[in-house]
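One structure below.
The values are calculated or read from the model by the stated rules, or taken from the named source; none is laboratory data. Just so we're clear, the structure is a prediction, and the values are computed from it rather than from any experiment. Please note: Cβ atoms are built from the backbone with ideal geometry, for glycine as well, and neighbour counts cover all protein chains shown.
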Amino acid sequence: MSRLHDMGGRFGDGPIPIPRRRNNEIDNHEPTFKYDWHAKAWAITLAAGALGEWNLDISRHYRECLPPKDYMNYSYYEKWLAALTNLLVDKNLVSLEELKNVIDLVEKKGLNFEANKSEKLDKRTWLAKDVQKTLGWGGPSIREINVSPIYKINEKVVTVKYSPNEDVNGGHTRLPSYVMGREGIIYSYNGSHVFPDKNAHAKGENPLPLYTVEFKASELWGVSAEDDNDSIYLDLWEPYLKSKKT
């Protein structure tokens, strides 16, 4: 694999460090969560998502909508917590006043995290005993619809040169900016999946054909590619692509 760049492949943000052994095999001993609070951030995000007030694509879009200064300076899980906070407030699940009160209690070290057994839990509450079973179900995005794919395996395609979201200016899309307007080859067809560009804006799942597209590293990174024979594989929806013939 060629050198990748952080922040969605943008130049100038530095490479993603990949430790390797002498035989060039990847040497990855990173823990699943580097800090304890990372695991808690992940857990509370999933638990809040189980309330059913938003979907995965909406949560991703909320992270994208953080102020640029915060987005650039926050760590990965800080982005998660900031976006989740905005979601909880926007969906009227938590008020700003409640958040301020909790912060005051934490700063005064007077917050008791013990559950109040006299309070009734919301029916949607994700209980600890159900976590493993629920996670085991996963969240598959594939949908059975009567739509035939336009493109065939090994067909040459080119991605659109602009953000393909037709409904919202600057809206969510899963087409990375570094691959816009680049040539590739259809590597595989993966069935029809929920279309993030619609789902992130509560416009329905609108499942569409999803392909894995192979791009040569030199096509994406130019002279910065480590090896012209390296390839990058991206899962891209049909509206992101055009036939190379046109």
Can you name the condition, by its number, that Thr32 falls short on among (1) assigned to a loop (DSSP other than H, G, I, E, B); (2) touching a residue at least 12 places away in the same chain (Cβ under 8 Å)?
(2)
Of all residues in the stretch 191-246, how many are in a loop (DSSP other than H, G, I, E, B) and over 24 Å from His61 (Cα atoms)?
9
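Okay, residues lined up against (1) over 17 Å from the mean Cα position of the chain (by Cα); (2) of a type in the set (D, E, K, R); (3) at pLDDT 95 or above:
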residue	(1), (2), (3)
Gly171	no, no, no
Ile186	yes, no, yes
Asn199	no, no, yes
Trp221	yes, no, no
Just name the residue that is surrounded by the most Cβ atoms within 10 Å (Cβ to Cβ) out of those in the stretch 133-160 that are assigned to a loop (DSSP other than H, G, I, E, B) and within 18 Å of the chain's Cα centre (by Cα).
Ser141
What are the pairs, 6+ residues apart or on separate chains, where a residue within the stretch 159-180 that is over 16 Å from Leu236 (Cα atoms) has its Cβ under 8 Å from a residue that is assigned to a loop (DSSP other than H, G, I, E, B)?
Asp167/His201; Asp167/Lys203; Val168/His201; Gly170/Ser163; Gly171/Ser163; Gly171/Asn165; Gly171/Ala200; Gly171/His201
Checking the conditions here, which among Asp57, Asp70, Asp104 is touching a Pro at 6+ places or on another chain (Cβ under 7 Å) and part of a helix (DSSP H, G or I)?
Asp57
What number of residues in the stretch 161-182 are surrounded by 15 or more Cβ atoms within 10 Å (Cβ to Cβ) and under 15 Å from Ser243 (Cα atoms)?
2
Only unsatisfied item for Asn199, checking (1) touching an Asp or Glu at 6+ places or on another chain (Cβ under 8 Å); (2) free of Cβ contacts under 8 Å to residues at least 40 places away in the same chain, is (2)
Near pairs, Cβ below 6 angstrom, 6+ apart or cross-chain, from the stretch 40-52 (closer than 14 Å to Lys79 by Cα and in the same structural domain as Lys133 (by TED's automatic domain parsing)) to any residue that is assigned to a helix (DSSP H, G or I) and at pLDDT below 90
none
Restricting the first residue to the stretch 58-73 and requiring it to be within 21 Å of Gly204 (Cβ to Cβ), which pairs with a second residue that is acidic (Asp, Glu) and assigned to a helix (DSSP H, G or I) meet a Cβ separation below 9 Å and a spacing of at least six or different chains?
Tyr62/Asp90
Filtering the stretch 199-234 down to residues that are farther than 18 Å from Glu144 by Cα and among the charged types (D, E, K, R), which residue is surrounded by the most Cβ atoms within 10 Å (Cβ to Cβ)?
Lys216
Asp130 is checked against (1) at pLDDT below 90; (2) in a loop (DSSP other than H, G, I, E, B) and fails just one. What number does that condition carry?
(2)
Condition test on Asn24, is it among the polar types (S, T, N, Q), at pLDDT 90 or above and either surrounded by fewer than 17 Cβ atoms within 10 Å (Cβ to Cβ) or not in a loop (DSSP other than H, G, I, E, B) (or both)?
no
Please verify whether the stretch 184-192 includes one or more residues that are crowded, with 19+ Cβ neighbours inside 10 Å and farther than 20 Å from Lys244 by Cβ.
yes
Residues of the stretch 75-90 classified as surrounded by 14 or more Cβ atoms within 10 Å (Cβ to Cβ) and modelled with pLDDT under 95, total
0
